[in-house]
Amino acid sequence: MRSANHAKKANATTLAAIVQFAVRRCGSLHEAGRRTRVSRAAIASICNGKTQLPRRTTLRKIAPHTVNDSTNQPYSWLDLETIAQTSLGESALEVLSSTASSSQSGKQQQLEEMQPVLEELRGSIHELAVVLKTISNTLSSRPFISFGKPDNNTSTSSAKQPTLGERCEERKPTFQEQSWLALAIADEDALKSLVLGCEPPAVSATAESRIQKIVAQVGVPVQYPQAADAVVTVYIQEDLTTTGISCQKILVVAQNENQGFGETLKQINYFRQELNCDKVILTAETVPKFEIEGFVNQGISVLMVSREYKG
């Protein structure tokens, strides 16, 4: 008897019409979505006949808000599913009766409509692949540099210079290039290690607890053949009992393996004057002891850093 009722209901109406009537009872599509807790897009798809066989969970949520004209009671979700399956079966017969050429034409039209989207997606994937490859090459060719306490066992290896015909990405970066990278990505803890770990310290240990902020600017432009490596700005609270903040600018110069003591000192003095820096830190990989003493006598702090390669 129940199956007979299902068949009668299927002949009388369609799932789309039932859901459309439920939406009208709710007052609007938005209100129907709120009451049934089914997305408005899903309800609209059923009303327009695009979704011929909804999920059972969807039918369970919609069923209490429908009305069976013959009983004035809500449809059960099983009734709705039977109606949907009956309509689907009729649609399937219509599709099977259509010619193979029309089916092929429809598929071809869908492919043509999707072609611009696919092309845009391919372009995005290609761009992403290029970016990932660039990052991978950069990381594999960039050794890491750590700012810390002086290391007496510092490596003395020199940077390999590219020869004619050699690929540029195979060249290991120079110590200067490593320093630029390290300063560019350094956080406040690394910068504190830099200004406190050099000899003599650029910031006194007593002022460490009063450091409010510390930032680094890499590649500072000046009227010189090349930019200054970096300027570290330290903001220090003048007194724990006051709110006054003093600003201390520290010039950071990375050792150039092709420059001697005199050239390095001349360059440092020029940058210090042009940028009006209070202190100077020279980061170096290998510096003779007598040169370190010479730099210190000129008011320049020296930080010996270690060079580590990964992979």
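The table below lists the values:
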{"quantity": "Residue tally, condition within 29 Å of the chain's Cα centre (by Cα) and within 28 Å of Thr264 (Cβ to Cβ), over the range 190-220", "calculated": "12"}
{"quantity": "Ser246 vs. criteria under 19 Å from Asp278 (Cβ atoms) and in contact with a Phe, Trp or Tyr (Cβ under 8 Å, 6 or more places away or on another chain)", "calculated": "yes"}
{"quantity": "Identity of the residue in the range 26-45, among the charged types (D, E, K, R) and surrounded by 13 or more Cβ atoms within 10 Å (Cβ to Cβ), that ends up farthest from Ala84 (Cα to Cα)", "calculated": "Glu31"}
{"quantity": "One residue from Asp69, Asp79 being among the charged types (D, E, K, R), surrounded by fewer than 18 Cβ atoms within 10 Å (Cβ to Cβ), on the phi < 0 side of the Ramachandran plot and in contact (Cβ under 8 Å) with a residue 40 or more places away in the chain", "calculated": "Asp69"}
{"quantity": "Residue selected from the range 50-66 under the condition under 17 Å from Gly33 (Cα atoms) and more than 40 Å from the chain's Cα centre (by Cα), by the criterion surrounded by the fewest Cβ atoms within 10 Å (Cβ to Cβ)", "calculated": "Pro64"}
{"quantity": "Enumeration of residues in the range 169-211 that are among the β-branched types (Val, Ile, Thr) and touching a residue at least 40 places away in the same chain (Cβ under 8 Å)", "calculated": "Thr174, Val195, Val203"}
{"quantity": "Conditions (1) in the same structural domain as Ala16 (by TED's automatic domain parsing); (2) modelled with pLDDT under 85; (3) out of contact with any Asp or Glu (no Cβ under 9 Å at 6 or more places or on another chain); number of the one not met by Arg60", "calculated": "(2)"}
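Here's the yes/no breakdown for (1) of a type outside the set (Lys, Arg); (2) in contact with a helix residue (DSSP H, G or I) (Cβ under 9 Å, 6 or more places away or on another chain); (3) farther than 21 Å from Gln176 by Cβ:
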site	(1), (2), (3)
Val231	yes, yes, no
Glu238	yes, yes, yes
Ile250	yes, yes, no
Val253	yes, yes, no
Asn258	yes, no, no
Gly262	yes, no, no
Lys266	no, no, no
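The values are calculated or read from the model by the stated rules, or taken from the named source; none is laboratory data. Predicted, not measured: the structure shown is a model, and the values here were computed from it. Using ideal geometry, Cβ is built from the backbone for each residue, glycine included, and neighbour counts are taken over all protein chains shown.
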